[in-house]
Structures are given as structure tokens and as C-alpha cells.
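Here the structure is laid out as C-alpha cells; the discussion comes afterwards.
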Amino acid sequence: MPIFAAETNLIPIITIMITDQDRELLAQKGISEAKLQQQLRQFAEGFPYLRLKGAAAVGQGILRPSDSEREAFLTAWDAYIATTGHRVVKFVPASGAASRMFKDLFAFLDADYDTPQTTFEKTFFDRLVDAPYYEALDDACHVFHGKGIAALLDEGDYKAVVSALLTEEGLNYGNLPKGLLQFHKYDDGVRTPVEEHLVEGALYAKGSDGRVSVHFTVSPQHRPLFEALISDKSEELAAQFGAQFDVSFSEQKASTDTVAANADNTPFRQADGSLLFRPGGHGALIENLNEIEADVIFIKNIDNVVPDRLKEPTVEGKKLIGGVLVSLQRQVFDYLARLDKGNVSEAELQEMLRFLEEKCCCHTDEQLTGDSLAAYLRHKLCRPIRVCGMVKNVGEPGGGPFLAYNPDGTCSPQILESSQIDMSDPAKKAMFEQGTHFNPVDLVCAVRDYKGQPFNLPDYVDPQTGFISHKSKDGKELKALELPGLWNGAMSDWLTVFVEVPLITFNPVKTVNDLYREEHQ
């Protein structure tokens, strides 16, 4: 359960003595002593809830383009991608292990019964022949147990099949990242999410030179497996989709790890006395994103892919938000050039303010004119831009689009998680529960200013949007510090626009049985 600022009067702030062992570990990770102390203060102080104006909706922070607007945006993207000199990159966080995808099957292995009992277990085995990995699993069963799936199930040895799927002796799916698992079956073979993301990129992010740039963030232990898969499959996919793939990888930086704490906010130490650091969550990837050399970057989760027969709506949705982005950017750049040139009339300034309020939903209560208005507009317009696809809310867990107040008093679109909202306040809880749309992690970002210089993305993170959760290590309870999420607080100070996209563009695989859904068959 997250901890917030309301607890600050109850929790003393701890300052620790740094040992030589601590200093050596901090040096290895590239974390300063000041940052360590700051993280410990955050455990004690908690994080404030965000002040909300309301949930975003169509006409109130979410754009639902008309047919003519849609066509104009699609044309704008096609024109942009066909123009030389623009580098577009598809950025896919892919380091997370798939263990949570198989938690029900791990529970079955540990259960005191040997045949399927729960609805989930029965569905898994009843539909197993439809699994994209069925043939690979059958081969693993032959190697591991000396007989195939059918024979094992006839003998009632269900756990042998699950063991061959999850453990190192078999396919090892319980320890691999989702990106390396077989997700979709085709007449000529199967594809992993990594391959599906390459195909997607070829359909909407191929440059005028025929190149498709895709960047995956991966864990160090799995990077060789990703590289081997790309080496094995990219040439075949390039020939099939008329593209050249430029694939790169990065790993979450050790300097973005966060220290764990005990219940009293003192640092959690392991048996050898060393500090325990944990990955800071996907918000740490703002550092990786900052190092991508690109003009436009698409961001999408690794498990949100569909087979080719359903790709058309996804491709159109990506082109749509891309067209909104480049159209918005073109206007922003024009305004910034005029502001820098000077001698802008009050009528022009009011036009820019209307654009900021009506197209970007960024508002201020201050009554500004003249030089103060020009300075405000320059400040708000000269920043990274993101356009976020939003789907209608169908009860999926996760974040949603809101209009929230910023530290400077302005109000702008933000993607918030439930942990950032004061659910003890009935009005705020109602805002969250009655939200009409959901965030499927479907973003396109413009990361250079109008002079072509890259923004330093960490400068636009709101550090007060992290949160604290409770975990355990070696049987001991601990507090874990999560950095502001990549598409949440890490992009809090960006210029943001929400656009409604079709629900069919959101097809994540959260459990292994999701692969039986019609959208993944």
C-alpha cells in the first residue's frame, strides 16, 4: 500500500551513517550519497496526492477526430515519414520477466492436488492445443519426460507438462521475458512479441530510406537471447515486409536503482550488511529514452501486439497519433519562432494562448498580457511533446487520463495511477472510477526543440510523483521506492495531448490464458 505525505508528522526523517562498504556500492552504481539520503527522506516524507480538476473525457481533454480530421492527420503522418531527414524510433520496454504471466501455473505446480481444479487451470489444459507454443512444448516434453503432451495428459501427469513449460529443463518460460515467448501462430511458423514489434514498425515507422529503427530495453542476463533472436529473424522479416531493421538495445541504468528501507525508514541491510537496492520501475527508463537519437519516438509495451490479420487498426491508430503530433509540433514551432523574433502583437499572443488552452488543454488562472504572457507561452510551448492514445474504459487495471494541477499552478493533461489519487476522498475516488477512458501505453513523442536540439528529458520529471510500496526480501518486510512512472510523472511537464483510439489497439497478454483470446489466435 503506497505511503503519502499525510504520514509525515508520524514518521521521523532518518539520516544514516555511510560505511566504506556503502560508499563502494554507491560508487559501483553511480549513486551519490546525497541521492541516497534523499531517497531515505522520501520514505519518511511520502509523496503528495495530485490535485485533480477532473477525469479527462472527449471534449474535455481527449480529442476524438472527425472523419475529415482523421484523414488530415493520417496524411500528415505519411508526408512526415516520407520526408528525408526525420529519424523515427520505436521504443519498447522489454526487460520485465514473464513470471507474473504464469503465476496461476506456478500455483498449480505447488498445489497439493495433481489435476486441474480451478477454472483457470481447466481452461489452460482444455485449450492447450491452441497455444502458439504447443509444438515447442511438445518437443520439450519429449526431451524432458520421454513422451509428448498427449501421452502425459492421458496418464494424468498434468504437472509434468507445466514443468516442461516453465522450468529450465524445458522451455523456461517462467524465467524468460515476455518478448522472447511465442505469442502468435502463422502458417509458416510462430512469432514472438519482439518479431511482432518489428513488423509493426515496418508498417508505420519506415523512413524514406526503407529503414525501421526499433529500440528494446532489456535485462543484462537476457540481452544475448534478444540479440540472437534478432539475428535469426530480422533478415526474413525484412524481406517479407520490404524494410531494413536497425535494432538497438539498452539496459536499465544501475544509477536509477533505489534503496530499500525498513518499516522505520532506516535502510534495509542484507545479511552481509550491504544496502539493498532495487530497480526503480519503468520510470527509470526516462534515462534510456533520453539517449535515443531521434526526432519522433513511439512507445508501446512489449505484450500489446496482435497477429497480422488484426494489425490494420493498430497501424492506423499509430499513424493517427503520429499525425496529431507532427501537426501540433508544426504549429508550436511556428509560434516559438515568432516569439523569439519578438514584436508579437497582443492579438497574436491571445491566439497562441487559445491554442495552448484549446489544443493542449493547458490552463492558468493568471491574467497575463504583454511580455508576461509572451514569457509564459514560451515557457509552456518549448518542451517535449507527447500524444497519447486513449481507449474506452473497459475495467482494465491501471492508469487513466486526468486533468491535474501542476506545481506551478497550471492545469494540464496527465496520466495517473490510482496510487496517485486520494481514494479516501469520495469525490476523487468517483473521478477515478467513473473515468471514460484508459491508458493503454500508446504514445508518440517529439523530443527536439524548434531549433533541432534535443531536450534533456530528466529535466521534465516531477520528482513528487513517485510512490512507495511494500515488498519482502528473505522473509523480511521492506519498503520499496518507485520512481515517477515513464508515462506518468516522468513526463509530467511535457506538452500533452490525448487522442481516442480504437479499443482493438489494446490487446495485452497479462496471463498465459490471454493467448487463447480470439485476438491472439
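Here are a few things to note about the model shown:
- Hits in the range 67-79 - residues which are surrounded by 20 or more Cβ atoms within 10 Å (Cβ to Cβ) and more than 25 Å from the chain's Cα centre (by Cα): Ala76
- Considering only residues in the range 436-492 that are without any contact (Cβ under 8 Å) to a residue 40 or more places away in the chain and small (Gly, Ala, Ser), the one that is farthest from Arg330 (Cα to Cα) turns out to be Gly475.
- Members of the range 409-424 that are closer than 16 Å to Val391 by Cα and either hydrophobic (A, V, I, L, M, F, W, C) or more than 23 Å from the chain's Cα centre (by Cα) (or both): Ile415, Leu416
- Hits in the range 114-144 - residues which are in a loop (DSSP other than H, G, I, E, B), touching a residue at least 24 places away in the same chain (Cβ under 8 Å), open to solvent by 30 Å² or more (accessible area, probe 1.4 Å) and closer than 19 Å to Leu515 by Cβ: Arg127
- Residue within the range 436-443 that is open to solvent by less than 10 Å² (accessible area, probe 1.4 Å), touching a strand residue (DSSP E or B) at 6+ places or on another chain (Cβ under 8 Å), closer than 29 Å to Leu373 by Cα and not in a loop (DSSP other than H, G, I, E, B) present: no
- Residue match in the range 357-376 (condition: closer than 28 Å to Ile292 by Cβ, free of Cβ contacts under 8 Å to residues at least 60 places away in the same chain and not polar (S, T, N, Q)): no
- Some residue of the range 91-112 being in contact (Cβ under 8 Å) with a residue 40 or more places away in the chain, more than 28 Å from Glu196 (Cβ to Cβ) and either open to solvent by 30 Å² or more (accessible area, probe 1.4 Å) or β-branched (Val, Ile, Thr) (or both): yes
- Lone unmet requirement of (1) surrounded by fewer than 21 Cβ atoms within 10 Å (Cβ to Cβ); (2) at negative phi for Gly452: (2)
- Residues that are closer than 28 Å to Gln182 by Cβ, open to solvent by less than 50 Å² (accessible area, probe 1.4 Å) and among the acidic types (Asp, Glu) do occur in the range 285-303, at least one of them.
- The range 228-266, residues that are assigned to a loop (DSSP other than H, G, I, E, B) and among the hydrophobic types (A, V, I, L, M, F, W, C): Ala243, Ala260, Ala263
- When we screen Ser234, Ser248 for residues that are open to solvent by less than 50 Å² (accessible area, probe 1.4 Å) and closer than 15 Å to Asn288 by Cβ, the only hit is Ser248.
- Single residue of the range 205-230 satisfying the filter (hydroxyl-bearing (Ser, Thr, Tyr) and modelled with pLDDT of 95 or more) that is nearest to Leu325 (Cα to Cα): Ser213
- Count of the range 18-36 residues which are open to solvent by 30 Å² or more (accessible area, probe 1.4 Å), touching a Ser or Thr at 6+ places or on another chain (Cβ under 7 Å) and on the phi < 0 side of the Ramachandran plot: 3
- Residue selected from the range 313-368 under the condition hydroxyl-bearing (Ser, Thr, Tyr) and surrounded by 13 or more Cβ atoms within 10 Å (Cβ to Cβ), by the criterion nearest to Ala56 (Cα to Cα): Thr364
- Number of residues in the range 220-250 that are under 16 Å from Leu180 (Cα atoms), touching a Phe, Trp or Tyr at 6+ places or on another chain (Cβ under 9 Å) and of a type in the set (Asp, Glu): the value is 1.
- Some residue of the range 171-194 being farther than 30 Å from Asp246 by Cβ and surrounded by 20 or more Cβ atoms within 10 Å (Cβ to Cβ): yes
- Residue count for the range 455-482, restricted to those that are open to solvent by less than 50 Å² (accessible area, probe 1.4 Å) and either within 26 Å of Arg383 (Cβ to Cβ) or among the aliphatic types (A, V, I, L, M) (or both): 13
- Among residues of the range 211-221 being open to solvent by less than 20 Å² (accessible area, probe 1.4 Å) and outside any strand (DSSP E or B), the one that is farthest from Gly242 (Cα to Cα) is Ser219.
- Residue ID - nearest to Leu320 (Cα to Cα), chosen from residues in the range 464-500 that are in contact with a Pro (Cβ under 8 Å, 6 or more places away or on another chain) and assigned to a loop (DSSP other than H, G, I, E, B): Trp494
- Of all the criteria given as (1) in contact with a Phe, Trp or Tyr (Cβ under 9 Å, 6 or more places away or on another chain); (2) under 26 Å from Ala94 (Cα atoms); (3) assigned to a helix (DSSP H, G or I), the one not satisfied by Pro458 is (1).
- Any hit, the range 272-279, residues being surrounded by 19 or more Cβ atoms within 10 Å (Cβ to Cβ), among the hydrophobic types (A, V, I, L, M, F, W, C) and under 17 Å from Arg383 (Cβ atoms): no
- Those residues of the range 145-170 which are touching an Asp or Glu at 6+ places or on another chain (Cβ under 6 Å) and buried (at least 19 other Cβ atoms within 10 Å of the Cβ), in sequence order: Ile149
- Members of the range 484-518 that are among the aromatic types (Phe, Trp, Tyr) and closer than 30 Å to Asn406 by Cβ: Trp487, Trp494, Phe498, Phe506
The values are calculated or read from the model by the stated rules, or taken from the named source; none is laboratory data. Quick caveat, the model's predicted, so the values are computed rather than measured. When we count neighbours, we look across all protein chains shown, and the Cβ atoms used for this are built from the backbone with ideal geometry, even at glycine. Just the protein is used for accessible areas: all its heavy atoms, side chains included, with ligands, DNA and RNA removed. Shrake-Rupley method; radii C 1.70, N 1.55, O 1.52, S 1.80 Å.
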